[in-house]
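Below is one structure, written out as C-alpha cells, with a few remarks after it.
The values are calculated or read from the model by the stated rules, or taken from the named source; none is laboratory data. This one's a predicted model, so the numbers in the text were calculated from it and none came from an experiment. With ideal geometry, Cβ positions are generated from the backbone for all residues, glycine too; neighbour counts draw on all protein chains shown.
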Amino acid sequence: MATAGCLKSRPLVGKSSHARAGRPSAPPSRPRLTTTTTATASAAARPLQPPLPTLYDVPVSNYCARVRYVLYSKGLVDGGLVALDKPSALGGGLQSPEYKALNPHAKMPLFHLASGTRLPVGSGSPQGDALYEADGIVRYILAKWPAIGPSFAPPTPEAGALSDLCIKVMDTYLFPHQGCMYKGGMEPGARAAGLAAIAGELEVLEGLLSGGPRVVGEAWTPADASLFPTLVFCEQILPKHFGWEGFWDKRPRLAAHYKHMSQADPAGKKVVEEIVGGLAAWEGAEGGGRWEALGIAGQVRDDPGAFRH
C-alpha cells in the first residue's frame, strides 16, 4: 500500500552498533542509483544494483512490515548488512520505468539484490536483480543469513506446517478483503461483506493459534512476521472507524500473540510504532481524515450495524 502522505525520510542503512566480527561495516552514504538501458523489450531502464541489498517500502504498509520485522529481529539493518529506502529513491516511485523493470506489478515491498547477486532467471532480464512479494523476500532473508539472529526455523515439521498454514490463510483469505478497511470507491454492501470476511478469517486464525506468545507456542516462525502487522491494522482501524467492540476479548489467543509482539518483542514494538505513525498520518489533524474524505465514515453513520462484528 503506497500512500504519498505517509512516506517518511529514512536512512539508507542502520547504525552499526550491533555489527559482529566479520561483518562488513556500514558504508558511507550510498550514491543515488542511476540507470542503464537494457537490450530487452521488457524494461526501458534498468537500475544499477546497490552495494547493499535494499528494501524499498513505506512504514505504514503491513506487508512491508513483515519483511522489516525479520530484518530488525536479525539485526541486519543495524548491522549494516541491509539498507532501507523509499520507493521514490528508485527512479521516482512505483510507476517509474526503473521500478517496474524490477517489479512489473509496481507494488511493495521490493528487495533489490546487491551488486553481483542475481536470481537464476533468463540472461539479461532485470527481474533477476530483485525480489518482490513479502513471503518470498522473508524466506530469502532467512536462507541468506541463517546464523545471524533468530533463525525462525520451526522446531518440528508439524510446527512448520502450522506456520505455513497461518501464512496461507492470511495471504489467500484475509488479505483480499483488507482494502475494505481503508479504501474508497466501494459500495456499502461490498464493504460490509469484506468486513464480515475479515471477521471470519480472524476466527479461523484464532482457532489455529496455539495460545503461546508466538503463533506456534514459544517458537520463532515466519508466521510471526506475517500475522501481527495486519493485526495492527485491525486493532487500530476496526474499533475506531467501524465500531467493533471488545475486539481482543473475542479473540484471546490473537490478543496474547499481539500483546507479546507489540510489548515484549523489541522488533515488534518498532514495527508497531512505524505502522501506527503511518496510520496517524492517514487520520490527519482532525482525526478522521482518510475515512471522512473517502466517504467511509458516512457509510458507517448511515448504517452502523452493517459494519460491526
### Scan of the range 138-164 for residues that are among the aliphatic types (A, V, I, L, M) and buried (at least 16 other Cβ atoms within 10 Å of the Cβ), ordered by number
Val138, Ile141, Leu142, Ile148, Ala159, Leu162
### Query
Can you spot a residue in the range 153-163 that is acidic (Asp, Glu) and under 22 Å from the mean Cα position of the chain (by Cα)?
no
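Please enumerate the residues belonging to the range 117-132 that are closer than 19 Å to Tyr56 by Cα and surrounded by fewer than 18 Cβ atoms within 10 Å (Cβ to Cβ). Lay out the reasoning, then the answer.
At the first step, the residues of the range 117-132 found to be closer than 19 Å to Tyr56 by Cα are 117-119, 126-132.
Those that are closer than 19 Å to Tyr56 by Cα and surrounded by fewer than 18 Cβ atoms within 10 Å (Cβ to Cβ): Thr117, Arg118, Leu119, Gly128.
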#### Entry: Unique match (being assigned by TED's automatic domain parsing to the domain that holds Arg301, touching a Pro at 6+ places or on another chain (Cβ under 9 Å) and among the charged types (D, E, K, R)) among Glu206, Glu235, Glu201, Glu187
Glu206
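Keeping to the range 165-197, report how many residues are surrounded by 18 or more Cβ atoms within 10 Å (Cβ to Cβ), among the small types (Gly, Ala, Ser) and touching a residue at least 40 places away in the same chain (Cβ under 8 Å).
Kept after step one, since they are surrounded by 18 or more Cβ atoms within 10 Å (Cβ to Cβ), are these residues of the range 165-197: 166-167, 169-170, 174, 177-178, 180-182, 191-192, 194-195.
From the residues that got through so far, the ones that are among the small types (Gly, Ala, Ser) too are 192, 194.
Narrowing further to those that are touching a residue at least 40 places away in the same chain (Cβ under 8 Å): 192.
Here the count works out to 1.
Among the residues of the range 97-138, write down those that are β-branched (Val, Ile, Thr) and over 21 Å from Arg66 (Cβ atoms). Before the answer, list the steps.
If we filter the range 97-138 for residues that are β-branched (Val, Ile, Thr), which is where we start, we get 117, 121, 137-138.
Those that are β-branched (Val, Ile, Thr) and over 21 Å from Arg66 (Cβ atoms): Thr117, Val121.
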### Conditions (1) in contact (Cβ under 8 Å) with a residue 12 or more places away in the chain; (2) out of contact with any His (no Cβ under 9 Å at 6 or more places or on another chain); (3) of a type in the set (Ser, Thr, Tyr); number of the one not met by Tyr132
(2)
